[in-house]
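Below is one structure; the comments refer to it alone.
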Amino acid sequence: MSPFFYHSAAWLREQVGSDPKRGTAMLVASVSVPVLTAFMVRTYRRRSLLRQRKEYVAEMECQMRSKEQEVASRISEERAKEITSLSFTELQSKLQKGELSCIEVLYAFQRVAFTENVQLNFIVQPVLEAEDMARRLDSLDAEARKKLPLFGIPISVKENYNMRGYKSTVGVSKFISKTCSETSGIVQALVDAGAVPFIRTNIAQTMMSLAAHNPIYGQTRNPLDLARSPGGSSAGESAAIASGSSLIGLGSDIAGSVRVPGAWCGITALKPTAGRFSVLNQTSVIKGQSAVKGTSGLMAREVDALVEFTKVVTSDFQFQVDMSIPRQYFKEEEYLSTKPLTIGYSRYWAPVEVTQSAQRAVARAAAELSKQGHKVVEWDLPEFPDIPARMAVQAYFGDGGVQMVNNLANDDVSYVIQTTMRALTVSNRLKQTVAAVAQKLIPQDWRYKFLTGLAGAKDVNEWFELQNKIAQYRKLWIDDWNRKGIDVLLAPAVPIPAEFISPKKGCSAAAGAYVYLLNLVNFPAGVVPFGKITPEDEENDFRNYPDQDLMQRRLKENIKGSTGLPLSVQCVALPYREEMCLRVMNLISKLQ
């Protein structure tokens, strides 16, 4: 017995004496007072947190109303739509030639964004310095403009990218009290190249979800179907771009967070190899995890915009801001090459089924590229003794979810992560015990093996073993590609059309089954729209999609009413071969 408990017991015996009633009362008091105190402290902290959140939201809404009224008086709706309908190349040319001013272009995108935001809710805050930036650019002479490849291009920015003087909350109320003192490295690089950040966009709470809701900024909706999610966690970016409110923006990706929303909203997106784009000064709820690294990501209406922005963030504009990034410049010759490629394609990655229309989109893209002289070969996932999904989850929550749980203490938890949070709040020891029992009793069921990842790593040795397994799995992919001479792989981006928004059911992690693997092996990957779902597709998809378990039934529900929604193809290349990935994405975009 510890000295504290020994002396406490002795004191209690002394006070009680021979009076049992007094003893009972004192025992109750000794237990209830600490419990009541802890309850009061939690209640106070929660009320303070919610009050702080309410004041912050009111401030953001005030900024929005003020800026919206100001912009409405500066440019007509018709003129704004005329400008925002230009392609990236057209807008870039007109800005460089002086046919459009930076300030007018800014007003155009602001006006359309504020209008579309009413029903979509993708803006969390306007960038207040945007006008000053645009006017400064307009004052430059022709020679100075030529040195800025992104001269005057408005960009949207996901909320987790730090900007000096702003707050990056990632949908977590605790972070409202923190004001950023520095600007994200990649944002600064784009600004130095002439871009104008004009809105900050919404995210899924904690960014550990493929959904589009948090208790601070609320629910973002899909411009193609308001009942559906735009995907996440880069939800606001996909909604802004798909609605015509932005040409290009910054998202981030650790498990598909630019590719899933890109696919569900019918836009293009690129997840680079981790380490190629700067991640300096970004906010995250989980820090220190390096087994599966998150990346900055680009999202745009068209591949041309992705290419031009990739050139900037693989140039001295980035290298001078973040010197930790290797000086690997954009390989123009690889992107422009006409050399025939060996293109692999996959239509199904076990165990999550993909709709037949999505499979046909991949097969059709492969067939069209074959007609252009490229060699096309079918490719299957290499076999591995461990479950990749389990490895990924164990890497994301290597600490058993301690950081995530602590950061959400006393906060409202969004429906998009409630299931995850329930699992994470169980003690690590109990999670590990349940996981071990589940593996013994039901070894054939992959879902239980997947769930064991939430237990995290029980010690440093297990963490080292996990990182070694991930390295082995990555090598397995690389060796297999090298043996077969594969340059680029085509695969589905998502197994189903955009999910319906459902606070009761949450969102399905299985929707990311075709994207997270590329984070695990650290291959660059992008998505490009390729056709739309026809009435025949919808009928066929629903009839043939399996519904043997809860996960499959949840996914299948989203096929209903999917006619007209986009189909996408995911393009994958070997590490640090973003140019090859973009080359094939560009080829596919021109097939439509």
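Is there any pair linking a residue in segment 133-160 that is at positive phi and surrounded by 20 or more Cβ atoms within 10 Å (Cβ to Cβ) to one that is in a helix (DSSP H, G or I) and aromatic (Phe, Trp, Tyr), with Cβ under 6 Å and at least six apart or on different chains, and which?
Listed by first residue and then by second, the contacts come to nothing, as the list is empty.
Pairs under 6 Å by beta carbon, first residue farther than 19 Å from Val584 by Cα in segment 516-535, partner surrounded by fewer than 24 Cβ atoms within 10 Å (Cβ to Cβ) and among the basic types (Lys, Arg), six or more apart or different chains?
Cβ pairs passing all conditions: Val521/Arg474.
List every residue pair whose Cβ atoms lie under 8 Å apart, where the two residues are 6 or more positions apart in sequence or sit on different chains, the first residue falls within segment 65-77 and is in contact (Cβ under 8 Å) with a residue 40 or more places away in the chain, and the second residue, located anywhere, is among the acidic types (Asp, Glu).
Listed by first residue and then by second, the contacts come to nothing, as the list is empty.
Of the residues that make up segment 205-217, is at least one open to solvent by less than 10 Å² (accessible area, probe 1.4 Å), modelled with pLDDT of 95 or more and within 29 Å of Glu90 (Cα to Cα)?
No, there is no match, as no residue in segment 205-217 is open to solvent by less than 10 Å² (accessible area, probe 1.4 Å), modelled with pLDDT of 95 or more and within 29 Å of Glu90 (Cα to Cα).
What is the residue count in segment 246-261 for residues that are open to solvent by less than 10 Å² (accessible area, probe 1.4 Å) and out of contact with any Ser or Thr (no Cβ under 6 Å at 6 or more places or on another chain)?
6
Considering only segment 499-506, I want to know if a residue exists there that is buried (at least 22 other Cβ atoms within 10 Å of the Cβ), in a loop (DSSP other than H, G, I, E, B) and under 26 Å from the mean Cα position of the chain (by Cα).
Checked segment 499-506: at least one residue is buried (at least 22 other Cβ atoms within 10 Å of the Cβ), in a loop (DSSP other than H, G, I, E, B) and under 26 Å from the mean Cα position of the chain (by Cα).
Taking segment 237-257, which residues are within 22 Å of Tyr396 (Cβ to Cβ) and touching a residue at least 60 places away in the same chain (Cβ under 8 Å)?
Those that are within 22 Å of Tyr396 (Cβ to Cβ) and touching a residue at least 60 places away in the same chain (Cβ under 8 Å): Glu237, Ser238, Leu250, Gly251, Ser252, Asp253, Ile254, Ala255, Gly256.
Please determine whether any residue of segment 544-552 is outside any loop (DSSP other than H, G, I, E, B), modelled with pLDDT of 95 or more, out of contact with any strand residue (DSSP E or B) (no Cβ under 9 Å at 6 or more places or on another chain) and open to solvent by 20 Å² or more (accessible area, probe 1.4 Å).
yes
Tally up the residues in segment 473-492 that are out of contact with any Cys (no Cβ under 9 Å at 6 or more places or on another chain), of a type outside the set (Ser, Thr, Tyr) and touching a residue at least 60 places away in the same chain (Cβ under 8 Å), please.
10
Give just the number: which of (1) crowded, with 24+ Cβ neighbours inside 10 Å; (2) touching a Gly at 6+ places or on another chain (Cβ under 8 Å) does Asp225 not satisfy?
(1)
Which helices (runs of 4 or more DSSP H) sit wholly inside segment 119-205 and have at least 3 residues that are over 27 Å from Phe330 (Cβ atoms)?
130-138
Give the residues of segment 285-329 that are of a type in the set (S, T, N, Q) and more than 20 Å from Met580 (Cα to Cα), sorted by residue number.
If the condition is that a residue be of a type in the set (S, T, N, Q) and more than 20 Å from Met580 (Cα to Cα), then Gln289, Ser290, Gln318, Gln320, Ser324 are the ones that fit.
Among the listed residues Gly236, Gly256, which satisfies the condition of being of a type outside the set (Asp, Glu) and within 29 Å of Ala108 (Cβ to Cβ)?
Being of a type outside the set (Asp, Glu) and within 29 Å of Ala108 (Cβ to Cβ) holds for just one of Gly236, Gly256, which is Gly236.
Taking segment 400-420 as the region of interest, how many residues are within 20 Å of Thr452 (Cβ to Cβ) and open to solvent by less than 10 Å² (accessible area, probe 1.4 Å)?
Total meeting the criteria: 4.
Residues Gln552, Gln592, Gln548, Gln570: which one is out of contact with any helix residue (DSSP H, G or I) (no Cβ under 9 Å at 6 or more places or on another chain), in contact (Cβ under 8 Å) with a residue 12 or more places away in the chain and not acidic (Asp, Glu)?
The match here is Gln592.
For segment 21-41, check the following and say yes or no: at least one residue is assigned to a helix (DSSP H, G or I), at pLDDT 95 or above and loosely packed, with under 13 Cβ neighbours inside 10 Å.
Checking segment 21-41: not a single residue is assigned to a helix (DSSP H, G or I), at pLDDT 95 or above and loosely packed, with under 13 Cβ neighbours inside 10 Å.
Go through segment 95-118 and give me each residue that's of a type outside the set (A, V, I, L, M, F, W, C) and in a helix (DSSP H, G or I).
Gln96, Lys97, Glu104, Tyr107, Gln110, Arg111, Thr115, Glu116, Asn117
What are the residues in segment 179-204 that are out of contact with any helix residue (DSSP H, G or I) (no Cβ under 7 Å at 6 or more places or on another chain), open to solvent by 10 Å² or more (accessible area, probe 1.4 Å), in contact (Cβ under 8 Å) with a residue 60 or more places away in the chain and not hydrophobic (A, V, I, L, M, F, W, C), if any?
Glu182, Thr183, Gln188
Does Glu104 count as free of Cβ contacts under 8 Å to residues at least 24 places away in the same chain, open to solvent by 30 Å² or more (accessible area, probe 1.4 Å) and out of contact with any Gly (no Cβ under 9 Å at 6 or more places or on another chain)?
Answer is no for this residue.
Do you know which residues across segment 553-575 are of a type outside the set (Ser, Thr, Tyr), part of a loop (DSSP other than H, G, I, E, B) and farther than 12 Å from Ala525 by Cβ?
Once the filter is applied, which keeps residues that are of a type outside the set (Ser, Thr, Tyr), part of a loop (DSSP other than H, G, I, E, B) and farther than 12 Å from Ala525 by Cβ, segment 553-575 yields Lys560, Gly561, Gly564, Leu565.
Can you find, within segment 478-497, the residue that is most open to solvent (accessible area, probe 1.4 Å) among those that are among the charged types (D, E, K, R) and part of a helix (DSSP H, G or I)?
Going through the qualifying residues, I end up with Arg483.
With (1) at pLDDT below 95; (2) charged (D, E, K, R); (3) open to solvent by less than 50 Å² (accessible area, probe 1.4 Å); (4) in a helix (DSSP H, G or I) as the list, and Arg429 as the residue in question, which single condition is left unmet?
For Arg429, the failing item is (3).
Would you be able to tell me the number of residues in segment 553-573 that are farther than 14 Å from Ala358 by Cα, modelled with pLDDT of 95 or more and open to solvent by 30 Å² or more (accessible area, probe 1.4 Å)?
3
The values are calculated or read from the model by the stated rules, or taken from the named source; none is laboratory data. Remember, it's a predicted structure, so these values are computed and weren't measured experimentally. For neighbour counting, all protein chains shown are included, and Cβ atoms are generated from backbone atoms with ideal geometry for every residue, glycine included. These area figures cover heavy atoms from the full protein model, side chains too; ligands, DNA and RNA do not enter into them. Shrake-Rupley method; radii C 1.70, N 1.55, O 1.52, S 1.80 Å.
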